[in-house]
Amino acid sequence: GGGGGYTALGGLHVDSPDVAYGGDHITARYEYRSTAAAVDAETGRVTATPRSTVYHFRTGTRVRRTGLLQVGWGGANGSTLTGAIVASRSNLTWASRSQADHKPNYKGSLTQAATVRVGLDADGAAVTVPLRDVLPMGTPEALALGGWDISGASLADAADRAGVFEPDLRRQLRPLTDGMVPMRGAYDPAFIADNQAPRADHVMPAEWTKQQRLDALREDIVAFKAANDVEFVVVVWTANSERYAEERPGLNDTADALLAAIARDEAEVSPSTLYAVAAILEGCPFINGSPQNTLVAGAVDLAIRSGVAVVGDDFKSGQTKMKSVLVDYLIGCGVKVKTMVTYNHLGNNDMYQLTDGVMWKPKSAAKSRVIDDIVDGNGLLYPPGTARPDHVVVVKYVPFLGDSKRDVSEYTSETFMDAHYTSVMHNTCLDSALCAPLILDLALLAELLTRIDFTVGNAAPDADGAPYQPLHPVLSVLSFYMKIPRTPPGEPIVNSLARQRAAVENLLRATMYITEPIG
Ligand code: NAD
């Protein structure tokens, strides 16, 4: 006690008249304080009006038996997450050059390795709990694992090919993962670089129409559910970046147009969109971990219409994550960032695929948009109509480095009296070790968030208030995980990592009526 803080590991119970623990629900009355800002168009004077809105949250407490289907299961990310979970289920330990007894763990995961501050104990010490203890949440080990790939390699061979884990661990995993073979992929060489063709040995027949592919993917999901006895499935795209699909009215602007385009076998419906549509039609949340426009307007429309969650786009894992912290810090301190020049080099298959200029385009666009709201939020440094920071992103394929990603970034800013302030940073990490915990969190949080519903207004639903409604299907609360976060139509995008993390935490806290919001 007496200052400091510690993490309590025995779970969380909220003692408040505003929280009720029922048989299968936790309900909480939560007062959300916010501020309306009205700007006078002539004078620019802002009138701030604090207001308070009452929400009632209801969270289902029964964690559904959940499956995670990864598209690109045999890739570096897919095989790394799978290997970690299998190793943990079997309590494997392994040796590396530097340590004899590594144990499986989920460092890098918000749900499994981060904590949330609850309050102060009687001695004034800050008490935190693991984020996974705030609400009933599934465990990684309980996830049924499966997926699709255009390569027929087993998950044991895929892990060898990816070269992420130490040989000692791969050797022990082999008997446990050799029988895990992806379902065959929906492959369309028009959407992926030619250099992937040698890998594509496990694909749906080339003559199949888009409708046949969609139907087959839906059947795959149904069969996976039955075979693994799961009630709920989350589908995550962690396959290679595709090129952009064309977006055009009548093709993919509405749910009906998109379904009709699939039915008439339109060339511009990408494989990733087929997976997304299959997931949505089967009631499975779909998460797009790559930058291409999988979630065309018609797919989002379909998700909203079907009440099925979607999250996008492009995992925010390494350099972009760091960038959204560093630029937030600099601009937040009143320093004017003028240039951001970053170099990545690595040698994994995804980087090899991105050496194709057409496939690189969406990635390049995603990487360059990760600080927009931070810059827009400081109109003193960046008045409307003036130059934004010069932002250059270079990536190079260096085969020898495999999955070990290097990034070098140089930020040059103007500070007091235009003094130049230059910061240079270098990061090295296994690319898949950055990304796998994000996929894990997304699966567990998608299951949790689709158990939460709410109502606005003072009267609780059981006291004739408005009925409960689910969160909006476009789950912008998971922006933390995404380079270009998708938000419900008309809602602003938040890029700042601290604000994104606060959004996750605040929602979980609100559902438990923990009053002090953070961030
Ligand atoms: P990878 O190349 O090792 O794995 C991708 C897998 O997808 C391959 O096994 C490939 O055969 C498979 N595939 C390709 N097209 C497919 C299709 N139509 N259907 C089914 N399977 C298909 O790549 P990776 O390193 O695992 O990265 C996966 C994705 O995650 C990439 O798109 C990458 O841009 C994205 N991503 C990764 C990171 C990161 O690793 N740090 C960060 C952001 C985004």
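The values are calculated or read from the model by the stated rules, or taken from the named source; none is laboratory data. Just so you know, these numbers come straight off a predicted model, no measurement behind them. Here the Cβ is made from the backbone with ideal geometry for all residues, glycine too, and neighbour counts use every protein chain on show. Heavy atoms of the whole protein, side chains included, go into the accessibility calculation; ligands, DNA and RNA do not. Shrake-Rupley method; radii C 1.70, N 1.55, O 1.52, S 1.80 Å.
Using the Cα centre as the reference, give the magnitude of the dipole from point charges on the C-beta atoms of segment 415-516 (Lys, Arg: +1; Asp, Glu: -1; all else neutral), rounded to the nearest 20 debye.
It comes to approximately 220 debye.
What is the gain in length, in nm to one decimal, between R264 and A463 on full extension, counting 0.36 nm per residue of separation less the C-alpha to C-alpha distance?
Answer, rounded to one decimal: 66.6 nm.
For a distance above 25 Å, tell me the whole-number percent of Cα pairs in segment 230-359 that qualify.
When every Cα pair of segment 230-359 is considered, 40 percent fall beyond 25 Å.
Return, for the Cα atoms of segment 302-382, the radius of gyration and Dmax in Å, separated by a comma.
16.2, 45
Take each of the peptides 294-300, 328-334, 75-81, 117-123, average the number of other beta-carbon atoms within 10 Å over its residues, and list them starting from the highest.
Packing order, densest peptide first, comes out as 75-81, 294-300, 328-334, 117-123.
Net charge around N77, counting only other residues with Cβ within less than 11 Å of its Cβ (Lys, Arg = +1; Asp, Glu = -1)?
-3
Looking at the P(r) of segment 366-463, how many percent of alpha-carbon pairs lie beyond 21 Å?
64
For segment 131-228, just the Cα set please: Rg and Dmax, both in angstrom.
Cα only, segment 131-228: 16.6, 50 Å (Rg, Dmax).
Roughly speaking, what is the centre-to-centre gap between segment 350-427 and segment 29-86 when only Cα atoms are used, to the nearest Å?
About 26 Å separates the Cα centre of segment 350-427 from the one of segment 29-86.
Distance cut-off 30 Å, Cα to Cα: go down the list K103/K396; K361/K405; K336/K367; K107/K483; K225/K396 and report the pairs above it.
The answer is K103/K396; K225/K396.
Starting from a Cα-only point model with no solvent, please compute log10 I(q)/I(0) by Debye for segment 215-274 at q = 0.17, 0.19, 0.22, 0.24 1/Å.
-0.73, -0.84, -0.97, -1.03
Could you order peptides 496-509, 88-101, 403-416, 307-320 by the average number of other Cβ atoms within 10 Å of their residues, highest first?
The densest-packed peptide leads the list: 307-320, 496-509, 403-416, 88-101.
Taking 0.36 nm per intervening residue step and subtracting the Cα-Cα distance, what contour gain separates R45 from A227 on full extension?
Separation in residues times 0.36 nm, less the Cα-Cα distance, equals 59.3 nm.
Please provide three numbers in whole Å: the alpha-carbon extents of segment 73-209 along the principal axes, with the largest listed first.
Principal extents (Cα only, largest first): 70, 39, 25 Å.
Leaving out ligands, DNA and RNA, and with a 1.4 Å probe, what % of the accessible surface on the chain is carbon or sulfur?
Carbon and sulfur atoms account for 54 percent of the accessible area of the chain.
At 7 Å along Cα-to-Cβ for each site, give me the label-to-label distance between A365 and A113 in nm.
Calculated label separation equals 3.3 nm.
I'd like the projected area of segment 347-413, averaged over all directions, using the convex hull of its alpha carbons. Report it in nm² with one decimal.
Over every viewing direction, the Cα hull of segment 347-413 projects on average to 5.6 nm².
Take the eigenvalues of the Cα gyration tensor for segment 24-83, scale each by 5, and report the square roots as semi-axes in whole Å, largest first.
44, 25, 7
Return the FRET efficiency for the residue pair Y352, T61: r is the Cβ-Cβ distance, R0 is 41 Å, and the value is rounded to the nearest 0.05.
According to the calculation, E is roughly 0.35.
Please give the calculated 222 nm ellipticity per residue for the chain, where each DSSP H segment of at least 4 residues contributes -39500 (n - 2.57) and the sum is spread over every residue; nearest 500 deg cm²/dmol?
Taken over the chain, the calculation gives -9000 deg cm²/dmol.
T53: net charge of surrounding residues, Cβ under 14 Å, Lys/Arg +1, Asp/Glu -1, itself excluded?
+2
Quick one: dipole size for the chain, taken about the Cα centre, charges +1 on Lys/Arg Cβ and -1 on Asp/Glu Cβ, in debye to the nearest 20.
Using only the charged Cβ atoms, the result is roughly 800 debye.
Whose amide H sits under 5 Å from the amide H of G147, counting only residues 5 or more places off or on another chain, with H placed in the peptide plane?
Q70, M183
Considering the zone a paramagnetic label at D15 would reach in this model (a point 7 Å from Cα along the Cα-to-Cβ line), which residues of segment 126-152 have amide N under 19 Å from it?
Counting backbone N atoms under 19 Å from the label point, the list is 126-129, 134.
Placing +1 on the Cβ of each Lys and Arg and -1 on the Cβ of each Asp and Glu in segment 107-161, which of M137, G147, G124 has its Cα farthest towards the positive end of the resulting dipole?
G124
Place a point 7 Å from Cα of N427 in the direction of its Cβ. Which residues in segment 360-375 have their backbone N less than 14 Å from it?
Residues passing the 14 Å test: 367-368, 370-371.
Viscosity 0.692 mPa s, temperature 37 °C: Stokes-Einstein D of the chain from its Kirkwood Cα radius, in µm² per second?
The Stokes-Einstein estimate is 134 µm²/s.
Report Rg (one decimal) and Dmax (nearest whole number) for segment 306-450, counting Cα atoms only, units Å.
Final numbers for Rg and Dmax: 17.2, 55 Å.
In square angstrom, what is the accessible area per residue of the chain with a 1.4 angstrom probe?
Solvent-accessible surface per residue comes out at 43 Å².
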